[in-house]
Amino acid sequence: MSDSLKVIKKVLIVGGTHGNESTGVYLLRKWQQRPELLERDGLQIDTLLANPKAVTANQRYIDKDLNRCFSSAVLNDKSLQGEEINLAHKLVKQLGGKGQCQYDLIIDLHTSTASMGANLVLTRHDKFHHTMMAYMSKQRDDVVVTSEAEMIPDHHFLCALADKNLIVEIGPVAQGLLHHETIEKTEQVTYQLLDFVERWNQQNLTDIPSKLTVYEYTGKVCFPTDENGNISATISKTIQGKDFQSLDDEAIVFNTMEDKDIVIGDIKKYREKFSYVHPDNETLFLSFINEAAYYDNQFAFCTLKKKTIDL
Ligand SMILES: [Zn+2]
């Protein structure tokens with residue numbers, strides 16, 4: 001039996017990888033009080049509060065984004081220091097590194113300030129991950145599957161320590177906020193994922209769609225800046241909240257301090273200035289539009305292309 005078809009015995013549900021994404025942190029506390037909610041036949045399900053110091057500080061991270069620390073390049077770089085680097089090494093020891101992780105599946109719960117819906121992030125192309133995403137797409141009409149599998153073979157995500165993994169990214173919700181609907185949605189998605197794992201183990205998955213729609217990341221676009229490096233335009237109200245909708249060259253993306261509109265066509269014309277790398281022959285989709293967590297790098301949104309995978 002190939003690795004991807006193995007029975008799943010141990011699942012780890014992670015919250016607080018980003019300290020100001022309070023939904024996962026809240027749910028971990030709820031499940032600590034009510035562990036029966038996570039009980040599933042034949043499964044050991046544990047939880048992990050990934051970055052407690054960042055949670056206490058209500059910050060995404062203390063020194064460095066923890067969810068960028070788990071590639072071999074970062075873990076093997078002895079010159080790197082700081083809270084999250086130390087934490088990453090500690091977590092590798094505790095959970096086991098890539099290929100040796102004691103968990104068969106890691107589910108990492110995140111939120112976004114962008115309209116991501118119930119975004120499930122695919123980091124691997126195999127039968128298990130494709131079936132899980134197709135199952136979830138059928139269960140819920142707000143599921144959007146994005147893929148990072150092509151971009152980053154040795155992934156820097158915490159969840160990528162386990163062979164089977166995914167990120168759940170629910171939004172829009174403000175950072176640090178306990179928002180009923182977001183918490184409820186994240187909780188439902190978690191239970192649906194656990195139902196899937198139970199049925200996967202029982203080989204009781206007969207109604208999986210034969211096609212899976214996936215948005216594949218192609219790059220990130222920077223905000224326009226002035227001569228001092230300060231952001232000099234806002235995301236346009238016409239695309240705010242319009243994640244995963246196709247955009248043509250006339251679509252207005254920024255509104256400048258001079259109240260001028262910047263359209264997709266302008267970004268394509270001055271692609272280096274915006275670090276725009278989306279291929280011209282692919283219909284353009286955006287996600288993480290105006291994501292608050294990306295302001296530290298002055299990223300305005302991500303670009304994606306859409307594709308269909310035959311299962
Ligand atoms: Zn996050």
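Each reported figure results from applying straightforward, stated rules to the coordinates on display, with no laboratory input. It should be emphasised that the depicted structure is a prediction, and the values quoted were computed from it without experimental measurement. Note: ideal-geometry Cβ built from the backbone for every residue, glycine included; neighbour counts use all protein chains shown.
For the chain, the mean residue ellipticity at 222 nm estimated from helices alone is -7500 deg cm²/dmol, where every DSSP H run of n ≥ 4 contributes -39500 (n - 2.57) and the total is divided by all residues, rounded to the nearest 500.
How much of the calculated P(r) for region 1-143 lies past 22 Å, in percent of all Cα pairs? Looking at region 1-143, the distances longer than 22 Å represent 47 percent of pairs.
Pairs from the list LYS90/LYS185; LYS220/LYS307; LYS93/LYS164; LYS30/LYS98; LYS53/LYS242; LYS242/LYS305 with a Cα-Cα gap above 23 Å: LYS90/LYS185; LYS30/LYS98; LYS53/LYS242.
Counting only DSSP beta bridges whose two residues both lie in the chain, roughly 55 percent are antiparallel. Between GLU272 and ASP249, the contour length at 0.36 nm per residue exceeds the alpha carbon distance by 6.6 nm.
When the alpha-carbon atoms of region 218-306 are used, the pair Rg, Dmax equals 11.9, 36 angstrom.
May I ask you to compute the full-extension gain from ALA174 to ALA73, defined as 0.36 nm times their residue separation minus their alpha-carbon distance, rounded to one decimal in nm?
Numbers: separation 101, 0.36 × 101 = 36.36 nm, distance 3.19 nm.
Stretched out fully, the ALA174 to ALA73 stretch lengthens by 33.2 nm.
Helix 180-201 versus the longest principal axis of the chain: what is the Cα-based angle in degrees, 0 to 90, to the nearest 10? So the helix axis and the longest Cα principal axis differ by about 50 degrees. An oblate overall shape is assigned to region 138-201, the ratio a/c of its alpha-carbon gyration tensor axes (a ≥ b ≥ c) being 1.5 or greater and a/b not exceeding b/c.
How many percent of all Cα-Cα pairs in region 95-154 sit more than 17 Å apart? Above the 17 Å cut-off, region 95-154 has 49 percent of its Cα pairs. The residue among HIS18, VAL74, SER232 whose Cα reaches farthest toward the positive pole of the charge dipole of the chain, with charges on the beta-carbon of Lys, Arg, Asp and Glu, is VAL74.
On full extension, the segment bounded by ASP261 and HIS89 gains 57.3 nm, given 0.36 nm per residue less the C-alpha separation. Which is the longest part of the chain that has none of the GluC sites (Glu not before Pro) sitting in a DSSP loop with at most 16 other Cβ atoms within 10 Å? Counting at most 16 other Cβ atoms within 10 Å as exposed, the longest clean stretch of the chain is 40-149. Panel values: the chain, Kirkwood radius from alpha carbon pairs, Stokes-Einstein at 10 °C and 1.306 mPa s, translational diffusion coefficient 78 µm²/s.
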